[in-house]
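One structure is given below, encoded as structure tokens.
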Amino acid sequence: MTTRLFLGFVVLAIVVGWVVGAEYQVQAGEVGGNTDYKVLAPIRHGNLTVFPVVASSTHDTKAFLTLDEGLKSGEVEVTESGNVRGMIRPRHPNANVEPQYPVHDGAQVNKLVLVNNSKRPLLLLAGEIVTGGKQDRVIGKDRIVLPESDPIDLDVFCVEPGRWVGTSAKFVPGAAGAVMAAPSVRGSAMADKNQEKVWAQAGAAREQVEVEVQAAAPLAGRQLSETTSYAKVMQNDEVRSKVDSVARPIEQEYESTIKQLREKNAVGVVVAVNGQIVWADIFASTSLLEKYWPKLVRSYATDAIVTRAKGGQPSEASAQAFLEDLHGRHETIDSEPGVYRHSEVAGDGFKAFELTSLLPKTNFSVHVAKMAE
């Protein structure tokens, strides 16, 4: 064997070793992306604590459209899976007459159909709730939808078990503002992927909120007991007032922190309720965090107001450790080539979820969520 041929085999063996090693890391389970995060001093109100998180670097996310933006502008349409009409983009968008398509009532609990008619990629986050159709639904997984997309099936979970009668043909953000499910409900959809468990968590959260409101406003409490809609309960004036009493001080203080830390790249939070760290949300940019922050903080506050127990105060060190522990025993990957990759890592006492954009000129982590189990 010549020296050149021998060296060729050596190089090939090294390359194969690198590939095998990389594949082993994926199988072992590891959330990638930028892990150079730093937890800052906490912001506390009542039994809710949030730790601002800054990153060493951020990414340009201006191209992404949020679900709230798309639904409000009409560029994004969501409807029951059986309602074909209106969910197919016209072949001739300048035509004066809208094409007529048949309507088939084949609605399914865990399926919706979405069309992104905008010229921007659409970002969907697990836990976002859309109201309307035959039942309110919560999105079960982070994903990215291409601009000007054909209709796509959207995996969702019902959060309103008591209704199967259409209230509107299309789904919209809540009338009183967009709703993000509380971590207890959101986590059940993301991790358990089980409709019965989502119903159970949504029902428990709804009932606990009703109890809290009943004590302060009996009439409002009785009104809440008449609906099975998680979104309507959370948008009730009495409930919003109670949630805002916890969320608003933290929201305002962190908004100020975001502005002060813009140059330091504020990108997310670690969340604790009753002294126990329960959740983390990290984004690719400060601007993306700012878009989601108002409804995220209210989702955290929802869990806080229905939990009466008092615990100790979590430290910055414990929050930092929670954020850094992203290595797990098992990883599941779901991807759409050239669009996104979604990774779910199961570790000791936690699950972590990462959405990576594979669109041209991106290839970065758009959102990372981590939940304690």
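The values are calculated or read from the model by the stated rules, or taken from the named source; none is laboratory data. Source: prediction; values computed, not measured. Cβ atoms come from the backbone with ideal geometry, glycine included; neighbour counts cover every protein chain shown. Surface accessibility is based on the protein's heavy atoms, side chains included, excluding ligands, DNA and RNA. Shrake-Rupley method; radii C 1.70, N 1.55, O 1.52, S 1.80 Å.
Data overview
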| quantity | calculated |
| --- | --- |
| Number of positions in the stretch 109-126 that are open to solvent by 10 Å² or more (accessible area, probe 1.4 Å) and part of a strand (DSSP E or B) | 2 |
| Test result for V297, under 19 Å from T49 (Cβ atoms) and β-branched (V, I, T) | yes |
| Residue tally, condition outside any strand (DSSP E or B) and either among the small types (G, A, S) or buried (at least 19 other Cβ atoms within 10 Å of the Cβ) (or both), over the stretch 266-277 | 1 |
| Pair list, Cβ < 7 Å and 6+ apart or interchain, from the stretch 235-261 residues that are within 24 Å of E210 (Cα to Cα) and in a helix (DSSP H, G or I) to residues that are basic (K, R) and modelled with pLDDT of 75 or more | V243/R298; A247/R298 |
